[in-house]
């Protein structure tokens with residue numbers, strides 16, 4: 001183990017009372033003299049060293065002065081052996097070297113921190129603390145084992161020995177003469193006082209290291225914050241900045257210049273596009289027919305009433321593939337002989353052929369009992385026959401069935417509809433029928449994009465029947481057949497006609513940007529079928545500006561170049577340009593940083 005390694009080991013090992021090495025050299029063959037005469041011939045060793053320097057003196061002293069020498073004088077000493085003298089020299093040299101090396105390390109670390117820009121927080125009493133540490137270490141190393149009980153050996157060196165500080169191993173300095181034996185000295189535990197001193201020293205060292213680490217961390221945090229701010233600033237400059245906002249005000253004209261265009265235009269079902277010369281637009285007519293039955297309560301009472309039962313049957317054709325018409329009033333007979341008649345004429349479809357066999361065809365129809373009374377309120381019947389086909393092949397091949405019971409048959413006193421009930425019911429039924437047709441036209445008939453001319457709406461009733469028979473709930477019914485229709489136009493045709501008329505005055509290229517439009521009541525020429533439609537129009541026209549093309553042409557232009565470009569465009573009245581931030585002089589070339597809007 002070399003000298004430097006031994007010092008490092010001592011720094012890392014808990015402090016103990018120092019003894020010499022725990023090794024014993026091989027004894028020489030000749031024994032040392034033990035007589036009193038021999039004791040008189042022993043040599044006294046005196047160790048001389050330079051006084052210890054404080055931290056300030058060590059830092060300022062030259063490098064050559066940091067080295068120490070040990071001078072061994074040939075002074076007689078009857079109670080000291082050569083081994084003890086050598087050990088004293090080593091211990092003193094190690095003690096001084098350890099203090100000096102620790103101070104040098106502290107000074108070197110402080111200089112490195114100052115060069116890097118870190119200023120460690122050190123308390124004012126730091127020099128005194130270091131000085132006290134050196135003194136404590138010196139006092140500990142000066143506590144030596146007593147060797148009074150060891151055998152004394154006479155030794156007289158013939159010359160002065162000078163030992164300089166140099167790397168050496170422990171065996172080289174354990175004795176001045178390699179052939180002399182040394183005593184085995186056992187290790188001793190450190191005293192309580194030594195432990196307390198060591199703990200204070202280690203505590204101070206840890207405190208100083210924490211202060212240095214804290215300063216380093218604070219410096220690292222500060223530089224991290226500065227780096228983030230610099231990066232954010234670079235991002236703002238490169239990514240966010242610069243920007244440009246341009247608001248274009250297009251050139252517009254108003255037509256008509258003074259009053260609105262209050263005039264009549266023609267609408268015809270015979271043309272497909274506008275006619276600016278004749279001032280006509282195409283028009284489309286939509287109509288719809290509907291039938292429905294409406295029920296209303298009867299308020300009259302005390303009248304003798306006879307009602308016939310009614311219901312629905314399904315008529316089948318298993319005879320041939322030809323259809324068979326049946327007139328209204330055709331009889332259908334139940335197995336027990338009750339007769340029901342068709343309310344309206346029907347045509348039974350022909351049977352179909354499937355794999356060489358006839359498949360019956362059918363149709364549903366309404367029937368009414370032949371006589372009034374509750375006896376005809378019957379349950380569903382599996383088979384009705386047709387008495388008119390009796391005696392022919394059709395009798396078995398044409399038949400009917402009812403899936404629901406026949407109801408409504410009654411004879412006696414009951415409710416009936418008064419004249420007021422019928423008049424009120426007719427008015428309400430017509431109103432409901434008109435609403436049904438108009439709703440159907442708006443949602444199912446008139447295509448999207450067409451505008452209904454409100455004044456062209458038409459409604460008419462082709463059939464109206466009042467059934468005064470009162471059902472079990474006390475209601476009578478009104479049956480209505482009606483037709484409704486409207487004239488429609490595409491508003492784009494009207495605007496297209498107005499644009500064509502405006503271009504005749506202001507020139508080509510203008511289109512409508514803003515407008516107001518309203519319609520009057522139409523009139524129809526019965527001879528020609530031509531529709532006259534009054535309108536009231538006023539519009540603002542402009543020549544469209546291609547925003548994307550303008551943005552592309554504005555890239556990289558400065559203020560003067562941008563002014564020249566805007567003035568050269570006949571479609572732009574003026575432009576408001578904002579460049580941001582204040583030092584930007586040109587429109588950026590990045591499309592994401594340029595915003596162009598139309599006012």
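The values are calculated or read from the model by the stated rules, or taken from the named source; none is laboratory data. This one's a predicted model, so the numbers in the text were calculated from it and none came from an experiment. Cβ: placed from backbone, ideal geometry, glycine included. Neighbour counts: every protein chain shown.
Looking only at region 476-484, decide whether some residue is modelled with pLDDT under 90 and crowded, with 16+ Cβ neighbours inside 10 Å. There is no residue in region 476-484 that is modelled with pLDDT under 90 and crowded, with 16+ Cβ neighbours inside 10 Å. Restricted to region 384-495, the set of strands (runs of 3 or more DSSP E) holding at least 2 residues that are in contact (Cβ under 8 Å) with a residue 24 or more places away in the chain, farther than 23 Å from residue 329 by Cβ and in contact with a helix residue (DSSP H, G or I) (Cβ under 7 Å, 6 or more places away or on another chain) comprises 458-467, 475-489. Within region 317-329, the residues that satisfy the criterion of being closer than 16 Å to residue 401 by Cβ and buried (at least 19 other Cβ atoms within 10 Å of the Cβ) are 317, 326.
When residues in region 345-363 are screened for being touching a residue at least 40 places away in the same chain (Cβ under 8 Å) and not in a loop (DSSP other than H, G, I, E, B), 5 of them pass. Within region 505-515, restricting attention to residues that are touching a residue at least 12 places away in the same chain (Cβ under 8 Å) and surrounded by fewer than 17 Cβ atoms within 10 Å (Cβ to Cβ), the residue that is nearest to residue 284 (Cα to Cα) is 515.
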